[in-house]
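Everything on this sheet refers to the single structure shown next.
The values are calculated or read from the model by the stated rules, or taken from the named source; none is laboratory data. Just so it is clear, the structure is predicted and the values come from calculations on it, not from any experiment. Methodologically, a virtual Cβ is constructed for each residue, glycine included, from the backbone with ideal geometry; neighbour enumeration extends over all protein chains shown. Accessible surface is based on the protein model in full, side chains and every heavy atom, while ligands, DNA and RNA are left aside. Shrake-Rupley method; radii C 1.70, N 1.55, O 1.52, S 1.80 Å.
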Amino acid sequence: MNYAIIAAGQGSRLVMDGLNESKPMVKINGEPLVGRLIRIFAQNNADSISVIVNEEMTDVKHYLEMLSVDCELNVVVKTTPSSMHSFYELSKVMKPGRFCLTTVDTVFREDDFAGFIKTFEQMEGADGLMAITPFVDDEKPLYVEIDDDKNIKAFLDESSETEMYVSGGVYALDDKARKILGECVSNGVARMRNYQRTLLSQGLKLRSYSIEKIVDVDHLCDIAEAEKLLLVE
């Protein structure tokens with residue numbers, strides 16, 4: 001399994017809260033966000049892990065260079081205008097084949113993630129599996145409409161009476177999605193959510209995997225929320 005981590009954001013909301021630390025280095029129970037993801041990925045059959053950081057994050061680059069991992073570790077240092085463009089830069093160094101992508105501020109229970117990956121590895125008849133959650137803590141969540149068979153029907157900016165799930169920020173996809181990513185960049189598509197909508201409009205079959213709670217670490221208060229989540233592991 002190939003994994004990728006988008007860690008190139010500025011973490012502006014954490015800075016506004018008074019945290020003067022690169023977002024990937026924010027510690028959850030004493031472990032940096034980026035290090036925790038790499039450890040979990042390595043424990044879930046990682047053939048390669050690719051990480052992108054922005055050019056200002058010299059501390060994160062140094063941390064990754066010093067990290068010992070039992071698989072191929074690719075580090076891309078580039079400032080990009082959006083997470084979708086960060087994904088595009090990562091796609092240039094990622095190995096061919098199925099992959100799992102997430103953002104560095106995504107915190108989930110390890111057993112929940114292991115179940116997600118196992119389901120993806122065994123999945124047939126679909127082009128991707130995306131984590132969804134009923135727990136909403138994002139300021140601009142992406143709502144996910146699913147059918148009775150857990151297939152994703154739409155990605156919505158606003159909730160309705162039937163949309164009780166939001167995107168968990170964990171995406172497992174095959175190479176078809178990588179080709180569409182290149183087309184989106186060429187066509188000027190912006191934002192990950194619009195890329196996800198393009199996957200559906202291009203006919204890809206995406207299935208959903210529900211996880212009870214996933215925390216996005218965007219504010220200082222989210223650190224305590226994430227640590228509380230992991231207490232039950």
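Results, tabulated for the structure shown:
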read-out	value
Residue in the stretch 104-118 that is outside any loop (DSSP other than H, G, I, E, B), open to solvent by 30 Å² or more (accessible area, probe 1.4 Å) and touching a strand residue (DSSP E or B) at 6+ places or on another chain (Cβ under 6 Å) present	no
Residue match in the stretch 130-139 (condition: open to solvent by 20 Å² or more (accessible area, probe 1.4 Å) and within 28 Å of LYS179 (Cα to Cα))	no
Cross-chain or 6+ apart pairs with Cβ under 9 Å, the stretch 206-219 first and in contact (Cβ under 8 Å) with a residue 24 or more places away in the chain and of a type in the set (Phe, Trp, Tyr), then surrounded by fewer than 19 Cβ atoms within 10 Å (Cβ to Cβ) and not in a strand (DSSP E or B)	TYR209/GLY115; TYR209/THR119; TYR209/LYS150
Hey, VAL217 surrounded by 14 or more Cβ atoms within 10 Å (Cβ to Cβ), modelled with pLDDT of 95 or more and under 14 Å from the mean Cα position of the chain (by Cα) or not	no
Residues satisfying the stated conditions in the stretch 132-141, i.e. within 14 Å of ALA154 (Cα to Cα) and at pLDDT 95 or above	ILE132
ILE223 crowded, with 16+ Cβ neighbours inside 10 Å, in a helix (DSSP H, G or I) and of a type outside the set (D, E, K, R)	yes
Matching residues, the stretch 92-103, being under 18 Å from LYS213 (Cα atoms) and either open to solvent by 20 Å² or more (accessible area, probe 1.4 Å) or in contact with a Lys or Arg (Cβ under 8 Å, 6 or more places away or on another chain) (or both)	THR103
The stretch 133-174, subset of a type in the set (Ser, Thr, Tyr) and part of a strand (DSSP E or B), residue nearest to CYS100 (Cα to Cα)	TYR171
Unique match (being open to solvent by 40 Å² or more (accessible area, probe 1.4 Å), at pLDDT 95 or above and not basic (Lys, Arg)) among GLU233, GLU183	GLU183
Residues located in the stretch 40-89, provided they are surrounded by 15 or more Cβ atoms within 10 Å (Cβ to Cβ), in a helix (DSSP H, G or I) and not hydroxyl-bearing (Ser, Thr, Tyr)	ILE40, PHE41, ALA42, VAL60, LYS61, LEU64, MET84, HIS85, PHE87, GLU89
